[in-house]
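First the structure, in the form of structure tokens, and then the observations on it.
The values are calculated or read from the model by the stated rules, or taken from the named source; none is laboratory data. Computed from a prediction, not measured in an experiment: that's the story for all the values here. Quick reminder, even Gly has a Cβ in these numbers, built from the backbone with ideal geometry, and neighbours come from all protein chains shown.
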């Protein structure tokens, strides 16, 4: 029997019993279809322990199973031009209007004024009814790795292995899992210690003075998401393919680590460090040498509001503030968010890799949000790999 929630979704969503009857498969097969993104699923609004399934996906699978069964990487004849469809992925995590960035409708810059990373994570995970961090307990033991980034990836890999599971779970349980993943990731970077807020644990490890810890908090909040970019797509694709939340976030974070952003961040750090070693014209010298990085961002033609917000409260030393002003005058472009992270890290005298660590930990909260959103309310990712190599059987 369908629930009232099912009836309200008539024509779009149906319960498990009807889905199994239409497909003619066992429950395990249905779960596999959901985990691989071939059938969209969402919680039943009247009973979050149950799931509803997209009728359109079930009709497609039951009515055209041979075509649907062709997996990624298998040979398919080239589709007709009329069959090509734009790839659209629905997201309720964040959006930009070209001037501001919003996390589930709230301006990220406004949130950074007072919110902690935990606050923003709860918002991005749509945890309105409760606080998933209440369920988190410290995990005993340290992670292997010579660098903070190595320990971060090791912690995510461990969770990805432990949390692998096909069976659908209610959103509340998934949010607690997100909180545990984020908590253990921060512990991997910061090491064990008092159960403070996430930014306080990092600030304590980096020996940041208490009056300056708000800069770490703001940086993490502003780094939480950048819209539907390549890391977010990677996390969503992994979640749609059946990865756990930690596994999906690991896919997204690996994309962050391999993106040009971190290369640019390292270059920005080099010339910012040089400011302290050179005269007042450090920015001009770098510009003449073609090594003045960190100004302008194609995604923000008018300037990244996150960078402006962070630099406005950074209280930079005079030489560094002057170098940023000169760089803006020389390039005609405003500082990028990564340059703002570098400047704040130098202001706080953090380790060399700290700007990247701040970026990746902040992004982890957002990547978990994308993975959670994909699992609980995401549309199927129907991108198909078109094979263009030698014809099968050709010598």
Residue list for the stretch 97-118, restricted to those being out of contact with any helix residue (DSSP H, G or I) (no Cβ under 7 Å at 6 or more places or on another chain) and under 17 Å from residue 373 (Cβ atoms) | 105
Could you figure out which of (1) at pLDDT 85 or above; (2) part of a loop (DSSP other than H, G, I, E, B); (3) surrounded by fewer than 19 Cβ atoms within 10 Å (Cβ to Cβ) isn't true of residue 91?
-> (3)
Could we say that residue 33 is in contact with a helix residue (DSSP H, G or I) (Cβ under 8 Å, 6 or more places away or on another chain), surrounded by 19 or more Cβ atoms within 10 Å (Cβ to Cβ), under 22 Å from residue 248 (Cα atoms) and at pLDDT below 75 here?
-> yes
What residue, of 386, 363, is in contact (Cβ under 8 Å) with a residue 40 or more places away in the chain and exposed (fewer than 15 other Cβ atoms within 10 Å of the Cβ)?
-> 386
Would it be correct to say that residue 73 is in contact with a helix residue (DSSP H, G or I) (Cβ under 9 Å, 6 or more places away or on another chain), closer than 24 Å to residue 231 by Cβ, at pLDDT below 80 and in a loop (DSSP other than H, G, I, E, B)?
-> no
Within the stretch 292-307, work out how many residues are surrounded by 13 or more Cβ atoms within 10 Å (Cβ to Cβ) and free of Cβ contacts under 8 Å to residues at least 40 places away in the same chain.
-> 4
Given the conditions (1) more than 30 Å from residue 205 (Cα to Cα); (2) in a loop (DSSP other than H, G, I, E, B), and given that residue 293 satisfies all but one, which numbered condition is not satisfied?
-> (1)
Of (1) touching a strand residue (DSSP E or B) at 6+ places or on another chain (Cβ under 6 Å); (2) farther than 28 Å from residue 31 by Cβ, residue 124 satisfies all except one. Which?
-> (2)
Checking 330, 339, 320, 310 in turn, the sole residue that is within 21 Å of residue 95 (Cα to Cα) and in the same structural domain as residue 362 (by TED's automatic domain parsing) turns out to be 310
Determine if the stretch 157-164 includes at least one residue that is outside any helix (DSSP H, G or I), in the same structural domain as residue 307 (by TED's automatic domain parsing), under 30 Å from residue 379 (Cβ atoms) and touching a residue at least 40 places away in the same chain (Cβ under 8 Å).
-> yes
(1) surrounded by fewer than 16 Cβ atoms within 10 Å (Cβ to Cβ); (2) out of contact with any strand residue (DSSP E or B) (no Cβ under 6 Å at 6 or more places or on another chain) all hold for residue 100 apart from (2)
